1. Since V152 meets every condition but one in (1) surrounded by fewer than 21 Cβ atoms within 10 Å (Cβ to Cβ); (2) at pLDDT 95 or above; (3) not aromatic (F, W, Y), which condition does it not meet?
2. Is at least one residue of the stretch 202-219 of a type in the set (S, T, N, Q) and closer than 28 Å to G286 by Cβ?
3. For F110, indicate whether it is at pLDDT 95 or above and under 18 Å from the mean Cα position of the chain (by Cα).
4. Taking the conditions exactly as written (in a strand (DSSP E or B), touching a residue at least 24 places away in the same chain (Cβ under 8 Å) and closer than 24 Å to A95 by Cα), does A50 satisfy them or not?
5. Select from the stretch 72-92 the residues that are in contact with a helix residue (DSSP H, G or I) (Cβ under 7 Å, 6 or more places away or on another chain) and either closer than 13 Å to L202 by Cα or among the polar types (S, T, N, Q) (or both) and list them in ascending order.
6. Being over 19 Å from A300 (Cα atoms) and aromatic (F, W, Y) is true for just one of F137, F62. Which residue is that?
7. Can you tell me how many residues within the stretch 98-109 are out of contact with any strand residue (DSSP E or B) (no Cβ under 8 Å at 6 or more places or on another chain) and in contact (Cβ under 8 Å) with a residue 12 or more places away in the chain?
8. Given the criterion in a helix (DSSP H, G or I), among the small types (G, A, S) and touching an Asp or Glu at 6+ places or on another chain (Cβ under 7 Å), identify the matching residue among A70, A93, A99.
Amino acid sequence: MNRRIVLTGDVLRPQEEAFRPAQTGNILWLHRLLRRPIAAASGLEVQALAWAPPPGSGAAAFDTPGLYAAAGETRDIEGWVRLFDAPHLPREAAAVFAAAVAGAAAVVGFELAEVQKRLLTRLGIAWIDLNIHPCRFGPDLLFAVQTNHPEVLAALAAHHAEDHVFEPWADLLAATAVKIPVHPPVEEAVMVVGQTRVDRSLVSGGRLVDLRDLAAPFHAAIGREGRVLFKPHPYNADGFGLHETGLPLRRIREAGDNAYVLMAQDSIRRVVGVSSSLVAEARFFGKEGVFLGTPPFRIAPTRDALAPGMHASVVDAWLSADFWRDVLAPVLDVTLRDGHRPTLGPNALRGSLRQYWGWEEIAFQLPVELSLARGAERAARLLGP
C-alpha cells in the first residue's frame, strides 16, 4: 500500500560556486507551506525529500552525489545542466532516484527538473509540479501547476485562473507607472530583457544559452532599424550575450529603471527575451512578447484551452485541503470535503520567499523615497536658511 506523499524539488541542482544543494531551502519551504492541507486531504504522511537537509528538519536525504557518480557526470553546474533535461539516465543513476520515491502515492514538486518528471512518469507515479508563476505583477505570487496525469489536469482546470483575472492587476501597475517618472523618456519601440547566467529556463541541448546563441531570431525580432532598449537583469550586468549578437552599439540604449515601469510605457510595443517571465507578462500590458527560446511555461488563456503539458494558473486555491482533495482524487483515496477556503494577505508569498522580482521597487521603494524627501523638506523649513 502507498503510505506517503513525497514532496521534493530539483534535488540535483548545486550552488553555482560549489557542489552544495541549491534547492533544499525551497523544498523545505514548500513542505511547511503545504504539508497540513495535503495531509488533511490524503490522510497520508507528507514526506520532504531534499539533498542534505539540515538536522532536525524531518526531511529524508536524497543521495545527490551518488546519482552524479552513477550518471558519470561532473559535480558542478555544467553537470547539472547536462542532467536537467536528459532524455535518459544510466540504469544505476535512475535506480538512485527510483529508490528514493519508491512506494509514493504521488509526488508534489517545487520546480522539478525535466529528467525527474520523465523518471516519475516511467515509474508510473503521478506528479504535481508547482512553479512560481511568470505573472508576478499582482497582489502576490502564485503557482503555475503542471502534471503528468490527465485526470489530475482535468481537476486543475476548475482552479485555473483565466486571463481576465490578471488584466486588472496589470492595469493597476501600468497606472502606477504614470506616477513614476522615467528619465530620459522612453522612445524605443522594442525592449530587450536580460536574464541571470544560470537559469533552468535557459537549458537547451545540455547547455545554457543566451542572446548570442539566438542571434538570427533576435535580429528578426528587433528589426533592421531603430534603437532598442536593453533592460539588464540586476544580477547579471555582463549583457547576457547582447554585445556578441552583432548589434551595433549605436542601436542599444541600456536602462536602469524598473522593468515593469519600462514595460508600461506606451512607446514600447514589443518585449524580446530568451525565456524571461517579462516576455510572458508583456501581453497583459498590451505588448507583443517574443520568446527567442522555448517558453518555460505554456499557460492557457481559458480553462477550456488547458491541455496536457500546459501549466494551470492557481492563485490561492492551493491553500485549501479541498483543492488537494480535487487534484489527488484521481490517484488515491481522499477525505471528505470540508468547504474551508483559507486566504492570505497581499504579498504573503513574496515576503515568505523573500523574492520580489522588481515589484518592491514600485510598491515599497517609492513610498519610502517620498517619505524621506518630505521629511527632508520639513527639516529644512524648521531649520530655516
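The values are calculated or read from the model by the stated rules, or taken from the named source; none is laboratory data. Keep in mind that what you see is a predicted model, and the values were worked out from it rather than measured. We place every Cβ from the backbone using ideal geometry, glycine too, and count neighbours over all the protein chains shown.
1. Failed condition: (1).
2. Within the stretch 202-219 (the criterion being of a type in the set (S, T, N, Q) and closer than 28 Å to G286 by Cβ), the answer is no, since none of the residues qualifies.
3. Values: at pLDDT 95 or above: yes; under 18 Å from the mean Cα position of the chain (by Cα): yes.
So F110 fits the description; yes.
4. Details: in a strand (DSSP E or B): yes; touching a residue at least 24 places away in the same chain (Cβ under 8 Å): yes; closer than 24 Å to A95 by Cα: yes.
Yes; evaluated as a whole, the condition is true for this residue.
5. F84, D85, listed by residue number.
6. Unique residue meeting the criteria: F62.
7. First, pick out the residues of the stretch 98-109 that are out of contact with any strand residue (DSSP E or B) (no Cβ under 8 Å at 6 or more places or on another chain): 98-99, 102.
The next check asks that each one be in contact (Cβ under 8 Å) with a residue 12 or more places away in the chain; those that pass are 98.
Result for the stretch 98-109: 1.
8. A70
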